[in-house]
Amino acid sequence: MVATLPQWEDFWRSGRIVSCPTDSTDGYTGNVRRLWEEFFAELPAGAQILDVGTGNGALPLIALDCARKRSVAFEVHGVDLARIDPRRVVPDGQRLFGNTVFHGGVPAEAMPFADGYFHAVAGQYSLEYTQREAALREIHRVMAAGAPARFVLHHASSIVVTIAHESLSHARELEERAAAFSDLREYVAAERADADRAARLHARIVERIQHLHRLADQSKGSRLLADMLPALGRLFELRQRLSPGEFAQAVDRSYRAFKAGEQRLREMIDVALDEPAMQRAADQARGAGFSDVRFAPLIQDAGTLVGWQLDMISAPIPGERSIAP
């Protein structure tokens with residue numbers, strides 16, 4: 001894992017709660033949400049909870065909601081290697097996150113917590129991005145004896161990864177076949193200097209954009225083109241209001257965001273686990289000191305595979321404090 005994560009930091013600055021929503025809602029819903037509600041419902045009042053790879057705090061929000069419904073309080077901490085600030089970037093974040101403490105720029109392999117501090121550890125689409133053996137040892141270190149841990153990891157055959165593959169295919173179409181960014185730059189330059197060439201470029205752009213719209217309409221789940229095409233349209237409209245230098249900067253910003261999204265998709269596909277890899281992850285958890293290690297495919301309400309569910313217990317170590325009953 002790299003030391004800085006601009007592709008993720010830019011994404012989290014958008015204020016989005018999750019990077020892989022379970023439906024059109026910006027958050028976890030259905031069976032995925034119930035999975036976490038059941039996990040937090042079993043914890044005692046005052047439990048200290050750690051969310052590994054918290055992003056913009058999707059799991060802390062569920063934990064806090066569960067605590068409010070039970071009229072209890074939790075102490076929630078979220079760590080992420082990306083430099084996150086959910087309180088500032090998430091709409092109404094100061095109120096929503098209560099006393100949650102976020103620790104940005106913190107690797108899961110070296111966390112600033114005392115031994116045995118947490119009564120529970122959680123993480124969704126995060127453990128697979130870490131140096132797993134080191135992260136599991138560190139997670140075990142900060143957990144009280146007998147404390148539960150639950151992780152959801154990317155499954156190599158899940159709908160999430162399938163959509164990521166389709167999105168990458170669409171990204172190649174947009175950048176290489178349709179040449180959307182380079183055509184836009186060329187057109188604006190020609191529009192200011194060569195009207196005939198600008199007209200030819202405009203006709204080519206219209207034809208290529210129509211092709212991309214057809215792909216978007218045929219998509220089985222990817223939103224890459226549905227999001228990028230309006231963004232390119234807004235850039236096209238800006239060309240008459242901005243100076244050449246300002247317009248070039250606007251195009252560059254949009255292109256960097258596009259490439260960062262492409263990088264996130266590749267990373268997701270790279271870290272997704274098939275069953276043998278998931279078995280190795282379970283063995284690594286046992287080697288790190290966890291007991292009762294179990295994993296199974298995680299199915300969303302409509303029978304859709306969305307990941308792996310990994311559950312385990314921090315095995316007691318002599319002298320380590322235990323979770324309150």
Exercise for the section: Please indicate, with yes or no, whether at least one residue in segment 172-192 is in contact with a Gly (Cβ under 6 Å, 6 or more places away or on another chain) and touching a residue at least 24 places away in the same chain (Cβ under 8 Å). Expected result: no
Exercise for the section: Quick one: which residue in 294, 266, 241 is under 30 Å from residue 166 (Cβ atoms) and out of contact with any helix residue (DSSP H, G or I) (no Cβ under 6 Å at 6 or more places or on another chain)? Expected result: 266
Practice task
Within segment 255-281, count every residue that is part of a helix (DSSP H, G or I), crowded, with 18+ Cβ neighbours inside 10 Å and touching a strand residue (DSSP E or B) at 6+ places or on another chain (Cβ under 9 Å).
Solution key: 3
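Residue by residue, here is whether (1) more than 30 Å from residue 175 (Cα to Cα); (2) not β-branched (Val, Ile, Thr) holds:
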{"residue": "260", "(1), (2)": "no, yes"}
{"residue": "267", "(1), (2)": "no, yes"}
{"residue": "279", "(1), (2)": "yes, yes"}
{"residue": "283", "(1), (2)": "yes, yes"}
{"residue": "293", "(1), (2)": "yes, no"}
{"residue": "297", "(1), (2)": "yes, yes"}
{"residue": "301", "(1), (2)": "yes, yes"}
Handout entry: Single unsatisfied condition, residue 191 versus (1) surrounded by fewer than 16 Cβ atoms within 10 Å (Cβ to Cβ); (2) more than 36 Å from the chain's Cα centre (by Cα); (3) not hydrophobic (A, V, I, L, M, F, W, C)
Key = (1)
Problem - Any chance residue 72 is surrounded by fewer than 18 Cβ atoms within 10 Å (Cβ to Cβ) and without any contact (Cβ under 8 Å) to a residue 40 or more places away in the chain - result: yes
Practice task
Report whether or not residue 299 is β-branched (Val, Ile, Thr) and either within 18 Å of residue 125 (Cβ to Cβ) or free of Cβ contacts under 8 Å to residues at least 12 places away in the same chain (or both).
Solution key: yes
Exercise for the section: Confirm whether residue 258 is aromatic (Phe, Trp, Tyr) and out of contact with any helix residue (DSSP H, G or I) (no Cβ under 6 Å at 6 or more places or on another chain). Expected result: yes
Exercise for the section: Enumerate the helices (runs of 4 or more DSSP H) found wholly within segment 45-163, keeping only those where 3 or more residues are in contact with a Lys or Arg (Cβ under 9 Å, 6 or more places away or on another chain). Expected result: 93-96
Exercise for the section: Could you identify the single residue in 52, 18 that is touching a residue at least 24 places away in the same chain (Cβ under 8 Å), closer than 19 Å to residue 96 by Cβ, touching a strand residue (DSSP E or B) at 6+ places or on another chain (Cβ under 9 Å) and assigned by TED's automatic domain parsing to the domain that holds residue 87? Expected result: 18
Completion exercise
Residue hits (segment 282-306; aliphatic (A, V, I, L, M), assigned to a loop (DSSP other than H, G, I, E, B) and touching a Ser or Thr at 6+ places or on another chain (Cβ under 7 Å)) are none
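The values are calculated or read from the model by the stated rules, or taken from the named source; none is laboratory data. The structure displayed is predicted, hence computed values, not measured ones. Please note: Cβ atoms are built from the backbone with ideal geometry, for glycine as well, and neighbour counts cover all protein chains shown.
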